[in-house]
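The values are calculated or read from the model by the stated rules, or taken from the named source; none is laboratory data. What you are looking at is a predicted structure, and each value in this text was computed from that prediction instead of being measured. Please note: Cβ atoms are built from the backbone with ideal geometry, for glycine as well, and neighbour counts cover all protein chains shown. The accessibility values were calculated without ligands, DNA or RNA, using every heavy atom of the protein model including side chains. Shrake-Rupley method; radii C 1.70, N 1.55, O 1.52, S 1.80 Å.
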Amino acid sequence: MEELLQGIGIAALVILALVGLAVGWFASLLSGGRRRALYMVVGALAAMATPFVLAALGVTVLAAGGLLLVIVVALIGAALVLALVRAIAK
């Protein structure tokens, strides 16, 4: 897990947070503009956590795949978590 953090760095975490914020903003638009702050915060947290969760599960290809792969995985993870939040919130 430490190798992943050293590999992606602080700048990558900021990029992941921005990706999550963008996904959250888009999710709030899909829901009619309601709960924008909730969706953006959940999206940012999910985007930053997804690569670490996968690394803890033993998916080691993320460290070798580079920043673009980590961003794609974070985008997918944030979208999935936001879909779950939206389904639960209904």
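Given the rule -39500 (n - 2.57) for each run of at least 4 DSSP H residues, summed and divided by the residues of the chain, what is its mean residue ellipticity at 222 nm, to the nearest 500 deg cm²/dmol?
-29500 deg cm²/dmol
Given the options A17, A47, A37, which has the most mean-square fluctuation in a GNM of the chain, springs set between C-alpha atoms less than 10 angstrom apart?
Per the Cα network of the chain with a 10 Å cutoff, A37 tops the list.
Want the number for L68 to S31: 0.36 nm per residue separation, take away the alpha-carbon distance, what's left?
Here the segment from L68 to S31 would lengthen by 10.5 nm.
May I ask you to rank F26, F52 by accessible area, largest first, using a 1.4 Å probe over the protein chains only?
F26, F52
What distance in nm separates the simple spin-label points at A22 and A83, each placed 7 Å from Cα in the Cβ direction?
Each label point lies 7 Å from its Cα, and together they span 2.0 nm.
Would you mind computing Rg(Cα) / (2.2 N^0.38 Å) for the chain, counting N as its residues?
So the chain has a normalised radius of gyration of 1.08.
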